[in-house]
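Here the structure is laid out as C-alpha cells; the discussion comes afterwards.
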Amino acid sequence: MSRKRVMLIKIVSILLPFLLLFLVEVLLRGFHYGHDLELFIEYPGDPDFLVLNPETSRKYFSNQENATTGNIELFRKKKEENTLRIFVLGESTTIGYPYFHNGSFHRWLLYRLTHEYPDKHFEIINLSLTAVNSYTVAGFAKEVVNYEPDAILIYTGHNEYYGALGVGSTDRMGGNARLIHGMLWLRQFRLTQLLSNTIDAVTRLFGTHSVSGGKTRMEAMVADQQIPYGSGLFYRGIDQFRSNMEEALSLFDRRQIPVFFSNLVSNERGLRPFISIPVDSVRFPGFARAYGLGLTALRRNDTTAAYNAFKMADSSCNTHALCNYYLGCLAYGRGDSGQAKNYFSKAKELDALRFRAPDTINAIIGQLCRKYKNTHLVDARAAFEAASPDSIIGDELLLEHVHPNLAGYALLSDVFYTTMKRQGLFSFPAGREMSFRELLQDMPITKVDSLTGAYKVFYMRRSWPFRDTVSAVVVPGAGDNAGDSLNPVSEEERLAYALTRRQTSWPDVMDSLYSYYIGRQDLANARRVVETLVLEHPTEEPYYEKAANLCGVLKDDGNAVFYFRGSFLLVPSFEKARKIFVLYLKADRPADAIPYLDYAIRNNPSGLRLEPVRQFAGEIVQLQKISGKDTANLSVLNQIADKYFRMGNRESASKYIDKVLRMDPGNKEALLLQGRLR
C-alpha cells in the first residue's frame with residue numbers, strides 16, 4: 001500500500017471510535033435520553049421567558065439522589081429597556097433556607113427596589129441551590145455572563161467542605177481541580193449520563209437501593225466528620241474556594257460586570273461545636289483531669305470553679321473546641337464580652353465538623369474584593385455583629401448554625417442594598433427611599449411562611465448533627481420539652497405543618513390561606529397573601545389586580561396605585577388607567593396621572609368626557625412648577641385648588657385651600673372656595 005493510503009487508514013482508525021461515540025450521543029439525544037444540563041431553559045408557560053433549569057444541579061452531584069432544585073424565577077429572553085437584571089449565586093443561605101420564597105434576602109431586596117422605583121423593571125434571579133459550594137458559582141458564572149447581567153450578588157463559602165464536590169464530601173473526586181472540571185464538562189453529554197446511570201443501577205442491584213440509607217441530605221453528604229483546623233484537608237478546602245472564586249471573579253471582571261460579594265456570618269454564641277478533636281492524653285496529660293473538673297463544676301453551677309478548671313485545661317491544650325466554647329459562655333456570664341468573643345470564635349474555628357466556614361474564607365473574600373476592581377465587599381459580618389448583643393453573633397439573628405431568621409435575612413438584604421447604592425447601581429429622588437424600618441414593617445411575609453421555617457428548624461435540630469448543640473427556641477405549636485412533636489392548633493399552624501411535612505404544596509397553601517382570611521373578613525392578611533404571590537409570580541397580572549383592589553378597600557391608596565400600575569403594565573385597559581389617574585390626582589400627583597389620562601382618552605369605550613380633566617391636570621402641573629419656585633404665591637395655590645374643585649377632586653382642592661388659609665386666614669378667594677366645597 002502507498003504511504004498516503006497507510007496514513008489514511010491510521011487516521012480513520014483513530015477517528016472511528018470518536019465517530020461511533022458521536023453517533024451514540026446523537027441517538028441518545030434523538031430518543032430524549034438523559035437530561036439537558038444547561039443553566040437556563042425556555043419557560044414552558046411562555047416562550048418569551050427563560051428560567052433556571054431544574055436539572056442543572058445534576059451536573060454537580062455524582063449521587064443523583066442528593067441533587068437539588070432551585071427557584072422558578074422568570075426573566076425575558078430579550079432584555080427590555082429600563083430593566084435592571086441581577087443574578088444571585090450561592091447556596092442554602094442564599095436561597096433563603098428554611099423559608100425560601102419571600103424569606104430569602106433577594107426577595108426583601110426586590111420588594112424594596114420595586115416600591116422605590118415603580119417606573120423601573122427589576123429582574124433579580126436567584127440561581128442558588130442547597131448542598132452546593134463554589135463549584136456551582138464558578139460553573140454558573142460561565143453561563144450568566146451571556147445574559148446581560150447588570151450585577152452579580154454572591155454569598156457562598158459555608159458548604160466548601162461538604163457541598164457537592166467538596167473535599168470532605170461523599171460526592172468528591174479526589175480533590176483534583178482539573179479532574180473535577182473535566183468531569184463536569186463530560187457530564188453534559190448523554191453518553192456520560194448513560195454510563196453513570198448504568199453504574200448506579202448495578203450498584204443498587206448488588207447493594208442497597210438508596211445510597212443515603214435513610215439519612216438526611218446533610219448527613220448523607222458528609223464523608224469526613226473530622227477535619228482538624230490546619231490539616232491538609234482543611235487547606236485543600238481553602239484552596240478549592242480560592243481557585244473557584246478566582247475563576248468566577250476574573251471572568252466577571254473581564255466582562256466589567258459589577259459583583260457584590262458578601263462575607264459570611266455564623267452562629268458562635270448560640271451553638272456548641274459539633275465535634276471536638278480528642279486530646280492526646282500522652283502529649284497533654286493534664287487536660288483530661290482539668291476538663292473533667294470543669295464539667296463537674298458546671299453541673300454544680302459553680303461557674304467560678306468551672307472557669308478556672310477550663311482555663312487550666314486550655315493552658316494544657318488549647319485546641320479543644322468545646323473547652324473554648326465553655327470558656328466563652330463563662331466569660332460572657334462574667335461580663336467579659338471581649339474575651340468571650342475570642343473564645344467563641346476560636347471554638348467555631350476548632351469545630352472539626354466544618355458546617356461553618358472558617359475565618360480564612362472571609363479573609364479570602366476580602367482579598368478577592370481588593371484584587372478585582374469590579375468586585376465590591378458586602379460586609380455582612382460587620383452588620384450582624386453591630387446588630388448582636390456585645391457584637392457576638394448568636395440566636396438573635398440566626399436559627400441554628402448559619403441560616404438567618406427573618407430579621408437576619410432582612411438585615412442581609414439591607415447590607416447588599418446599601419453597598420449597591422454606595423457603588424452607584426441606583427440612586428433616589430428625595431423622599432422616595434424606603435427605610436429599613438419601613439421594609440421590616442411592610443414586607444409581605446405570611447405567618448404560614450414564618451411558621452414553616454420555624455417547624456423545619458424544629459425537626460432539623462432533632463437530627464444529626466444538631467442534637468444538644470442549639471439552645472432552645474420557642475416554636476408555636478410545639479410542646480415545652482425538646483422531644484415533643486408539633487401539635488398545631490390554629491389554621492396557620494396546621495397549614496404550616498402540612499407544608500413542612502410535604503403533605504401539600506406552597507401554592508395550595510397560599511390558596512387555602514387566602515380563602516381562610518377572606519372567610520374571616522381579615523382583608524389585611526388576605527392582602528399580605530396576595531402581595532406574597534405578586535413577588536413569587538411577578539409576570540402574572542391577576543395577582544397585581546387582586547392586591548390593588550384589596551389595598552383600595554383598605555384605603556391604602558399608595559399601594560393600590562402601585563399594584564394597579566403593575567397590572568396595567570402587564571395587561572393595559574381603560575378601567576385600570578382610570579383607577580390609576582384618579583388615585584394619582586387624589587394624591588396630588590397630576591404629572592404622574594397624565595400618561596394614564598392620555599391612554600384612557602385614546603381607549604375610551606364608555607364615552608366619558610376626560611378631555612377637561614386632562615386639560616386641568618396639565619394646567620395644575622404648570623402651576624405647581626410656579627409654586628415650587630414661589631411657595632408664598634397664594635394666587636397660584638388658589639388657582640390649583642379651583643382647578644381641582646372643577647375636576648371634582650374635592651380632597652386635593654381642600655388640601656390647597658387649607659394651605660392658603662394657614663398662611664392667610666382671611667384670604668377671601670380661599671374662603672369663598674371653601675364655602676363652595678361645604
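Summary of values
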read-out	value
Any hit, the range 254-275, residues being assigned to a helix (DSSP H, G or I), in the same structural domain as Leu109 (by TED's automatic domain parsing) and modelled with pLDDT of 95 or more	yes
From Ser92, Ser104, residue being crowded, with 21+ Cβ neighbours inside 10 Å, among the polar types (S, T, N, Q), in the same structural domain as Ile180 (by TED's automatic domain parsing) and over 26 Å from Phe426 (Cα atoms)	Ser92
Filter pass, Lys348 being touching a residue at least 12 places away in the same chain (Cβ under 8 Å), buried (at least 17 other Cβ atoms within 10 Å of the Cβ) and out of contact with any Gly (no Cβ under 9 Å at 6 or more places or on another chain)	yes
Qualifying residue in the range 33-46 (condition: under 30 Å from Val265 (Cα atoms) and buried (at least 21 other Cβ atoms within 10 Å of the Cβ))	no
Residue check, Val636 touching a Ser or Thr at 6+ places or on another chain (Cβ under 6 Å) and either part of a helix (DSSP H, G or I) or more than 27 Å from Tyr117 (Cα to Cα) (or both)	yes
Scope the range 532-590; condition farther than 29 Å from Arg85 by Cβ and of a type in the set (D, E, K, R); matching residues	Lys555, Asp556, Asp557, Glu575, Arg578, Lys579, Lys586, Asp588
Test result for Arg107, under 20 Å from the mean Cα position of the chain (by Cα) and not acidic (Asp, Glu)	yes
Answer residue from the range 68-82, given it is farther than 22 Å from Ala454 by Cα and in contact (Cβ under 8 Å) with a residue 60 or more places away in the chain and is surrounded by the fewest Cβ atoms within 10 Å (Cβ to Cβ) among those	Lys79
The range 1-26 residues that are in contact (Cβ under 8 Å) with a residue 24 or more places away in the chain, paired with ones that are surrounded by 10 or more Cβ atoms within 10 Å (Cβ to Cβ) and assigned to a loop (DSSP other than H, G, I, E, B) (beta carbon under 8 Å, 6 or more apart)	Glu25/Phe189
Total residues in the range 235-281, condition touching a residue at least 40 places away in the same chain (Cβ under 8 Å), acidic (Asp, Glu) and more than 21 Å from Gly424 (Cβ to Cβ)	3
Conditions (1) closer than 27 Å to Asp449 by Cβ; (2) surrounded by fewer than 21 Cβ atoms within 10 Å (Cβ to Cβ): number failed by Tyr97	(2)
Options Asn71, Asn146, Asn159; residue that is among the polar types (S, T, N, Q) and assigned to a helix (DSSP H, G or I)	Asn146
Residue match in the range 131-141 (condition: outside any helix (DSSP H, G or I) and over 23 Å from Phe261 (Cβ atoms))	no
Residue list for the range 167-191, filter: under 13 Å from Tyr60 (Cα atoms), of a type in the set (S, T, N, Q) and surrounded by fewer than 17 Cβ atoms within 10 Å (Cβ to Cβ)	Gln188
Selected residue (only one of Thr198, Thr192, Thr114 is part of a helix (DSSP H, G or I), closer than 30 Å to Phe562 by Cα and of a type in the set (S, T, N, Q))	Thr114
Cβ pairs under 6 Å, 6+ apart, first in the range 572-592 and within 22 Å of Lys625 (Cα to Cα), second assigned to a helix (DSSP H, G or I) and among the acidic types (Asp, Glu)	Leu583/Asp557; Tyr584/Asp592; Lys586/Glu651
Hits in the range 590-606 - residues which are at pLDDT 95 or above and not β-branched (Val, Ile, Thr)	Pro590, Ala591, Asp592, Ala593, Pro595, Tyr596, Leu597, Asp598, Tyr599, Ala600, Arg602, Asn603
Evaluation of Leu353 against (1) surrounded by fewer than 21 Cβ atoms within 10 Å (Cβ to Cβ); (2) not in a helix (DSSP H, G or I) (one fails), failing number	(1)
Hey, Arg283 more than 28 Å from Val137 (Cα to Cα), in a loop (DSSP other than H, G, I, E, B) and in contact with a Gly (Cβ under 8 Å, 6 or more places away or on another chain) or not	no
Subset of the range 373-432 [over 20 Å from the mean Cα position of the chain (by Cα), part of a helix (DSSP H, G or I) and not charged (D, E, K, R)]	Ala386, Pro389, Ser391
Selection count, the range 313-347, where residues are in a loop (DSSP other than H, G, I, E, B) and under 27 Å from Val265 (Cα atoms)	6
Qualifying residue in the range 161-177 (condition: farther than 20 Å from Gln64 by Cα and either more than 21 Å from the chain's Cα centre (by Cα) or not assigned by TED's automatic domain parsing to the domain that holds Tyr99 (or both))	yes
Residue in the range 605-618 that is in contact (Cβ under 8 Å) with a residue 60 or more places away in the chain, surrounded by fewer than 20 Cβ atoms within 10 Å (Cβ to Cβ) and closer than 25 Å to Val561 by Cβ present	no
Matching option when the condition is in contact (Cβ under 8 Å) with a residue 12 or more places away in the chain and not small (Gly, Ala, Ser), among Arg299, Arg354	Arg354
Single residue of the range 144-192 satisfying the filter (within 21 Å of Ala131 (Cα to Cα) and polar (S, T, N, Q)) that is modelled with the lowest pLDDT	Asn176
Selected residue (only one of Tyr372, Tyr409, Tyr417 is more than 27 Å from His101 (Cα to Cα) and in contact with a Phe, Trp or Tyr (Cβ under 9 Å, 6 or more places away or on another chain))	Tyr372
Whichever residue in the range 544-560 is of a type outside the set (A, V, I, L, M) and closer than 17 Å to Ser573 by Cα and, among such residues, is surrounded by the most Cβ atoms within 10 Å (Cβ to Cβ)	Tyr544
So Phe310, is it at pLDDT 95 or above, in contact with a Cys (Cβ under 6 Å, 6 or more places away or on another chain) and assigned to a helix (DSSP H, G or I)	yes
Flag if Ser627 is assigned by TED's automatic domain parsing to the domain that holds Ala593, in a helix (DSSP H, G or I) and under 13 Å from Pro590 (Cβ atoms)	yes
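The values are calculated or read from the model by the stated rules, or taken from the named source; none is laboratory data. All of these numbers come straight from a predicted model, not from anything done at the bench. Reconstructed Cβ throughout: ideal geometry from the backbone, glycine too, with neighbour counts over all protein chains shown.
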